[in-house]
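Structure first, then comments.
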Amino acid sequence: MEPIIFIHGSGQKADSWRETVSFLPYKETILCPELTAILKGQKASYSNLCAAFASYCAQAGTPVHLCGLSLGGILALDYALEYPESVKTLALIGTPHKVPKAAFALQNIIFRLLPQSAFTGMAFDKQNTFSLGNTMRNLDFSSRIGKIQCPVLILCGEKDKANLKSARFLAKHIPEAKLQIIQGTGHAVNEENPRILAERLNAFYRRFKL
């Protein structure tokens, strides 16, 4: 049975998947890597993170099911484009198809005002959050997503206004992708509505006899 890899967002850690996983029947196949850990001490740049994530997935020795939220979704999407033969299915939650420059600039201003302690529950500390963000400012998958070959589920919280437009764009331009909006939920679907998320994922994965 192929592994399912859950990839957390930049404002989260691997534990953010704990409740969602608790509602799924195939826990023994699920992996939830810590993004800081897979970097193994390297600088937090997007190229380093992509390479580290690719190495992590390759260790499975078999095609994998990828499920990512936000930054995790970006990594999953990128990997599926670069290694199509290695991805069985793709579930993208609150994932932008390109980095919105205005929102990114505003976020950077807010982050600069926050103390180091505010980053405790996030994937990276303050310095590495800025380092990673600065290497992602020009990311844009718009012209490439039509090449995705595997089955794709697009999920987005109804209140995640920043990513709803992108969710619809991804669903429109990825062949055979299915879009589902999760009502009454914001961006961090895995933390805000883990039971419903698990139900949607389980229905998706049942098609592949997991």
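The values are calculated or read from the model by the stated rules, or taken from the named source; none is laboratory data. Note that the structure is predicted; figures quoted are calculated from it, not measured. Cβ atoms come from the backbone with ideal geometry, glycine included; neighbour counts cover every protein chain shown.
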* State whether the residues of the range 61-76 include one that is modelled with pLDDT of 95 or more and in contact with a Pro (Cβ under 6 Å, 6 or more places away or on another chain). => yes
* Asked: Got a sec? Which of I181, I148, I154 is farther than 27 Å from Y83 by Cβ and among the aliphatic types (A, V, I, L, M)?
  -> I181
* To do: Go through F204, F169 for me and flag whichever is touching a residue at least 12 places away in the same chain (Cβ under 8 Å), aromatic (F, W, Y) and touching a strand residue (DSSP E or B) at 6+ places or on another chain (Cβ under 8 Å).
  => F204
* To do: Would you be able to tell me the number of residues in the range 19-62 that are closer than 17 Å to P194 by Cβ, in contact (Cβ under 8 Å) with a residue 24 or more places away in the chain and of a type outside the set (A, V, I, L, M, F, W, C)?
  => 5
